[in-house]
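Worksheet: one structure, shown below.
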Amino acid sequence: SFAMYTGYWALTFYIGTTARQLGGTFQDGSNLLLVLNAGSVVGRILAGLIADKFGSINTLLLSLLLTVVIEMPLWIKATSLAPLYVLCALYGMVSPTFISLNPVIVSNHFDTDVLASVMGMTNLFSGIGGLVGNQVQGVIYDKYDKHEQFTNTIVFSAMFVLFAGLVIACLRFHVIRKRTDKRFFQKV
C-alpha cells in the first residue's frame, strides 16, 4: 500500500506541467487530467468485474505491471500532446485498480476480528506513501530533472509501482502455498 501510493500520484500532479513543456496550454493540462480521471472511473469499475473472474490478487498484480509498462515509455518518450492523451486514458484505466481492490484483498485474507485493524493499517501506510512520495517526487523534479523534463521523476514513480507489484506477487505465492491446490495459474 505504501509503495503503490508513493509511486501512483506522479502523473496526476505533473501531467499539466508536462503538457505545458510540450507546448500545450493550461487548458490542455486540465483536459489531460480530465481524461485521466475519466479513465479512472472506468478502470475502477472494470477492476471489480475482472477480479470476479480472475481473482483480486491476480487483477491487482496485472494492473501494477501494466501501469509500469504504460507509464515509462509513453510519458518519457512523449514529444507532443497526443501520446499524453493516450497515456492518461490508459493509465487512468489501469493504475487506480489498487484503490478499489485493496479492501477486497484485505477482507478476503483476514479474519473479521482483525479486519478493521488491518484496513486501518493499510490506510495509514497509504497516507504516508502519498505524503512521502509526493514530496520526494518534487525534490527529484527540482534537483535532478531541473524543471526541464520528468525522466527521473517517472523512473522513481514507476519503480515504486513495480516494487508494489513484486510485493503483490509474493503475496500471491504465499496465498497459493497455503492452499491444497498449488497450481500456478488459478484464481487468487
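I need the P(r) histogram for region 98-188: all alpha carbon pairs, bin width 5 Å from 0 out to the longest distance, whole percents.
P(r) over region 98-188, rounded to whole percents: 3, 11, 15, 18, 16, 12, 9, 7, 5, 2, 0.
For the pair Gln21 and Leu166, what calculated FRET efficiency results from E = 1/(1 + (r/R0)^6), where r is the Cβ-Cβ distance and R0 = 41 Å, to the nearest 0.05? Write out the running numbers ahead of the final one.
Working: r = 31 Å, r/R0 = 0.77.
Working from the Cβ atoms, E equals 0.85.
At a Förster radius of 22 Å, what calculated FRET efficiency corresponds to the Cβ-Cβ distance of Phe173 and His109, to the nearest 0.05?
0.95
At 0.692 mPa s and 37 °C, plugging the Kirkwood radius over alpha-carbon pairs of region 1-70 into Stokes-Einstein gives what diffusion coefficient in µm²/s? List each step's numbers first, then the result.
On the way: Rh = 13.6 Å.
Approximately 241 µm²/s, per Stokes-Einstein.
What is the dipole size for region 108-188, taken about its Cα centre, with +1 at each Lys and Arg Cβ and -1 at each Asp and Glu Cβ, in debye to the nearest 20?
Values: 9 positive and 6 negative charges, 116 e Å.
Its charge dipole is roughly 560 debye.
Ignoring ligands, DNA and RNA, please state the percent of accessible area on region 57-128 from carbon and sulfur, probe 1.4 Å.
Numbers: 2460 of 3360 Å².
The nonpolar share, carbon plus sulfur, comes to 73 percent.
Accessible area per residue for the chain in Å², computed with a 1.4 Å probe and the full protein assembly in place, what is it? If you can, show how the numbers build up before the last one.
Details: 9850 Å² over 188 residues.
Ligands and nucleic acids excluded, the result is 52 Å² per residue.
So how strong a dipole does the chain carry about its Cα centre when Lys and Arg Cβ are +1 and Asp and Glu Cβ are -1, to the nearest 20 debye?
Values: 13 positive and 9 negative charges, 122 e Å.
Around 580 debye, computed over the chain.
State the dimensionless ratio Rg/Rh of the chain (Rg: radius of gyration of Cα atoms; Rh: Kirkwood radius).
On the way: Rg = 17.3 Å, Rh = 17.2 Å.
Using only Cα positions, Rg/Rh for the chain is 1.01.
With a point put 7 Å past each Cα toward its Cβ, work out how far Ile76 is from Phe185 in nm, to one decimal.
3.1
Sort largest first and round to whole Å: the equivalent ellipsoid semi-axes of region 81-129, each the square root of five times a Cα gyration tensor eigenvalue.
32, 12, 4
The values are calculated or read from the model by the stated rules, or taken from the named source; none is laboratory data. Since the model is a prediction, treat every value here as computed from it, not as a measurement. Note that we place each Cβ from the backbone using ideal geometry, even for glycine, and neighbour counts take in every protein chain shown. The accessibility values were calculated without ligands, DNA or RNA, using every heavy atom of the protein model including side chains. Shrake-Rupley method; radii C 1.70, N 1.55, O 1.52, S 1.80 Å.
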